[in-house]
1. Determine the relative contact order of the chain: mean sequence separation of Cα pairs under 8 Å and six or more apart, normalised by residue count, in whole percent.
2. Hey, what number do you get for the chain at 222 nm if only DSSP H runs of n ≥ 4 count, each worth -39500 (n - 2.57), divided across all residues, to the nearest 500?
3. With a 10 Å cut-off between alpha carbons and a GNM built on the chain, which of Gln28, Gln86, Gln370 moves the most?
4. What FRET efficiency comes out for the pair Asn383/Val12, r = Cβ-Cβ distance, R0 = 56 Å, nearest 0.05?
5. Sum up the charges of everything whose Cβ sits under 11 Å from the Cβ of Gly205, counting Lys and Arg as +1 and Asp and Glu as -1, but leave Gly205 out.
6. Under a Cβ-only charge scheme (Lys and Arg +1, Asp and Glu -1), can you give me the dipole magnitude of region 166-219 about the Cα centre, in debye to the nearest 20?
7. From the residues Ala70, Gly366, Ala130, which one has its Cα farthest along the dipole of the chain in the positive direction, the dipole being from +1 and -1 charges on Cβ of Lys/Arg and Asp/Glu about the Cα centre?
8. Using a Gaussian network model of the chain whose springs link C-alpha atoms within less than 10 Å, name the residue from Ala71, Ala355, Ala196 with the highest mean-square fluctuation.
Amino acid sequence: MSNDTTTPAPAVAPPLGVGMVGYAFMGQAHSQGWRTVGRVFDLPLSPSMAAVCGRDPEAVRTAAAKLGWAAAETDWRALIARPDVQLVDICTPGDSHAEIAVAALEAGKHVLCEKPLANTVAEAEAMAEAARVARARGQVAMVGFNYRRTPALALARRMVGEGRIGTLRHVRVTYLQDWLVDPAFPLAWRLRKELAGSGALGDLGAHAVDLAQHLAGAPLTGVSAQTETFVRERPLPDGGALGPVTVDDAALFTGRLESGALASFEVSRVAAGRKNALRVELNGTAGSLAFDLERLNELEFHDHATEATEAGFRRILVTEQDHPYLEAWWPPGHGLGYEHTFVHQARDLVRAVAAGTEPAPSFADGLQVQRVLAAVEESAEKNSVFTPVPASPTAV
């Protein structure tokens, strides 16, 4: 009889090689997700940070070492061609999303692309079509609306689906920042339409639109909008001369959802004192839900069936292990942060790749958001006239 009591080695999940294009703010956030996800969640595939790509050889090598990537590339085409890369993560400015994503899909890679999906509807349509064709080959493509992965907002979606607030009547979303209040802030790429597509509208409004449609479970069918650029010239990055700001500083718009509910949106990058203030509220016939990103481990819930003497919003502390995403994290009461949304995003995408299922939000969802943004711009140009949003085949 053998006395061998050696514990069998645990099964090792097959690797999933990830290559990332871009390494600035979003690249750093995505890197945090890829570094962490396999150490927290049990996954059917093991993400491997194969290579990161950037144009500056020295800077990208530094980024690779700092962020945990095994190799560095200076040409995104070379990154796509690497045999150790099965998934391409795009964290570049919007003007390059379409070219990189379509090339990666045509090369047989899975794709994650930061929001907004593209700078124009035409680009987003090309990306959605490339994803549809690639889907038939077993590839998946997802757009990175990370706020869906906040546990409190995931719980809100679940509660809406369960009918906890009844028939939805109103959705309102505000997303306010203040980093452009100072007129001396330089003319960064996010202030140039040819690179960014739009300003606060695409940067913040894309999140607001996606959350409204996702939580409501219905797309926007039309909008009425105003936009404004308050500071029309800013210093060029090298100092001295001024250059034109070609995107909006703020946008206000109302909309109607396919379900009949009304929606309102306000986004701004010149709201003094607001650093990253995203607030969402949903009002239904049976109750209401409210979320504030500055208190991201909390969800407010009002049950309208409660007696008037005790009625009102109550706080749900979203830290229980049976709350969305929290089965692998800390004991109740130990909150998560912004960076965890990218870990959850990586988890969901890896599971979709392994199962061969359509991830959410898909490129079709990203196209729907792009069509809403385009309708907002068209409405604003036409003195706020109500502008229909073309329908997209999408699962919001």
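1. 20 percent
2. Taking each H run of at least 4 residues, the total per residue is -9500 deg cm²/dmol.
3. Highest fluctuation of the listed residues: Gln28.
4. According to the calculation, E is roughly 0.35.
5. -3
6. For region 166-219, the charge dipole is close to 180 debye.
7. Ala70
8. Among Ala71, Ala355, Ala196, the largest GNM mean-square fluctuation belongs to Ala355.
The values are calculated or read from the model by the stated rules, or taken from the named source; none is laboratory data. Quantities reported herein were computed from a predicted structural model and do not represent experimental measurements. Cβ: placed from backbone, ideal geometry, glycine included. Neighbour counts: every protein chain shown. Side chains included, ligands, DNA and RNA excluded: accessible areas come from the protein's heavy atoms. Shrake-Rupley method; radii C 1.70, N 1.55, O 1.52, S 1.80 Å.
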